[in-house]
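First comes the structure, then the notes that go with it.
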Amino acid sequence: MNISPIATVHSCFGEKFGVPRQPMLADASRASIELLPPVNSPDAIAGIEEHTHLWIIFQFHQTNGQWSSKVRPPRLGGNKKLGVFATRSPFRPNNIGLSVVRLIEVRTSPRVELIIGGADLVDGTPVLDIKPYIPYVDAVSEARSAFADAPPPSLAVYIPEEIQKKATAYSDEWGTDLPLLIRQVLQQDPKPAYQTPDPERIYGMRLCGFNLRWRYTSGGIEVVSLS
């Protein structure tokens, strides 16, 4: 099999840490999928605007070559192992990922790209294929998952007024609502589930070109800087 990327992702997430563990959990996240030669023609995406959501098939390029038959899912606190094919772990034999995202805009100039929301894709992710999400076959109403039967609980997030103003003043070509994105990302608790929060420790991630830093408090999470 010879598979080459057909597109690359330009994302608000500058690194793997802090990226939502599932798509659509942070709908305020924004990314661009830029088609690459030889498929970077408007013809290749003609009609795609008729779909509200898309399937993105991609490569976990930062974990390439790393896999194990059993993994420790964050949902189980990182303390219990499951078979890799019973989870969505990025540490897989072929490192292939699958995400459903919301299509926001189609652009054909100056480059052919799709602006998407709700992405869980790190900047630079290679895209292997794009397919439309078809609700009548893809949304299975009777589907159940005993392993992940509900969204993870949300933490309270406090953003000081000065940082809130700085985040509100941010703008980009994708229309990102940075204050909302910060809340959606942090309320899911980005740290490893097995770690006990240390109120003295400062955590950080790259988000929309900023260095976002926060700490854990008895009431949830407090943002300490956005530089």
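Within region 108-161, take every residue that is part of a loop (DSSP other than H, G, I, E, B) and among the aromatic types (Phe, Trp, Tyr) and give me the one that is least open to solvent (accessible area, probe 1.4 Å).
To start, the set of residues in region 108-161 that are part of a loop (DSSP other than H, G, I, E, B) comprises 108-112, 118-125, 133-134, 139-156, 159-160.
Those left that are additionally among the aromatic types (Phe, Trp, Tyr): 133, 147.
Working: 133: 52, 147: 72 Å².
Looking at residues that are part of a loop (DSSP other than H, G, I, E, B) and among the aromatic types (Phe, Trp, Tyr), I get 133.
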Being closer than 18 Å to residue 147 by Cβ, open to solvent by less than 30 Å² (accessible area, probe 1.4 Å) and modelled with pLDDT of 90 or more is the filter here, so list the residues in region 84-96 that pass it. 84
Within the set of pairs 6+ apart or on separate chains, which have a first residue in region 182-200 that is in contact (Cβ under 8 Å) with a residue 24 or more places away in the chain and part of a loop (DSSP other than H, G, I, E, B), a second that is small (Gly, Ala, Ser) and open to solvent by less than 70 Å² (accessible area, probe 1.4 Å), and C-beta atoms under 7 Å apart? 190/18; 192/78; 193/77; 193/78; 194/77; 194/78
Subset tally (residues that are more than 27 Å from residue 60 (Cβ to Cβ) and either modelled with pLDDT under 95 or not β-branched (Val, Ile, Thr) (or both)) for region 136-163: 8
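With respect to residue 166, determine if the residue is touching a residue at least 12 places away in the same chain (Cβ under 8 Å), closer than 24 Å to residue 40 by Cβ and either open to solvent by 60 Å² or more (accessible area, probe 1.4 Å) or not hydroxyl-bearing (Ser, Thr, Tyr) (or both).
On the way: touching a residue at least 12 places away in the same chain (Cβ under 8 Å): yes; closer than 24 Å to residue 40 by Cβ: no; either open to solvent by 60 Å² or more (accessible area, probe 1.4 Å) or not hydroxyl-bearing (Ser, Thr, Tyr) (or both): yes.
Judged against the criteria, residue 166 is not a match.
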Test result for residue 40, farther than 30 Å from residue 194 by Cα and polar (S, T, N, Q): yes
Quick one: would you say residue 167 is aliphatic (A, V, I, L, M) and closer than 18 Å to residue 210 by Cβ? yes
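Is it fair to say residue 224 is buried (at least 17 other Cβ atoms within 10 Å of the Cβ) and touching a Pro at 6+ places or on another chain (Cβ under 9 Å)?
Numbers: buried (at least 17 other Cβ atoms within 10 Å of the Cβ): no; touching a Pro at 6+ places or on another chain (Cβ under 9 Å): yes.
So residue 224 does not fit the description; no.
How many residues, within region 198-212, are surrounded by 16 or more Cβ atoms within 10 Å (Cβ to Cβ) and not small (Gly, Ala, Ser)? Break it down stepwise before answering.
First, pick out the residues of region 198-212 that are surrounded by 16 or more Cβ atoms within 10 Å (Cβ to Cβ): 203-208, 210, 212.
Filter once more, keeping what is not small (Gly, Ala, Ser): 203, 205-208, 210, 212.
Of the residues in region 198-212, 7 are surrounded by 16 or more Cβ atoms within 10 Å (Cβ to Cβ) and not small (Gly, Ala, Ser).
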If we keep only residues of region 70-83 that are modelled with pLDDT of 85 or more and outside any loop (DSSP other than H, G, I, E, B), then the residue surrounded by the most Cβ atoms within 10 Å (Cβ to Cβ) is 71
Checking residue 24 against (1) within 16 Å of the chain's Cα centre (by Cα); (2) modelled with pLDDT of 95 or more, the condition it does not meet: (2)
I'd like to check something: does region 190-210 contain any residue that is modelled with pLDDT of 95 or more and at positive phi? yes
Please go through region 208-227 and give me each residue that is within 19 Å of the chain's Cα centre (by Cα) and either farther than 18 Å from residue 154 by Cβ or charged (D, E, K, R) (or both), ordered by number. 208, 209, 210, 211, 213
Looking only at region 41-50, decide whether some residue is in contact (Cβ under 8 Å) with a residue 40 or more places away in the chain and crowded, with 17+ Cβ neighbours inside 10 Å. yes
Could you grab the pairs with beta carbons closer than 8 Å, sequence gap of 6+ or different chains, first residue in region 101-118 and without any contact (Cβ under 8 Å) to a residue 60 or more places away in the chain and more than 11 Å from residue 42 (Cβ to Cβ), second one hydroxyl-bearing (Ser, Thr, Tyr) and crowded, with 21+ Cβ neighbours inside 10 Å? none
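The values are calculated or read from the model by the stated rules, or taken from the named source; none is laboratory data. Just so it is clear, the model here is predicted, and its values are computed rather than measured. Because the Cβ atoms are built from the backbone with ideal geometry, glycine has one as well, and the counts that use them run over all protein chains shown. The protein model used for the area step is the full one, side chains on, heavy atoms only, and it has no ligands, DNA or RNA in it. Shrake-Rupley method; radii C 1.70, N 1.55, O 1.52, S 1.80 Å.
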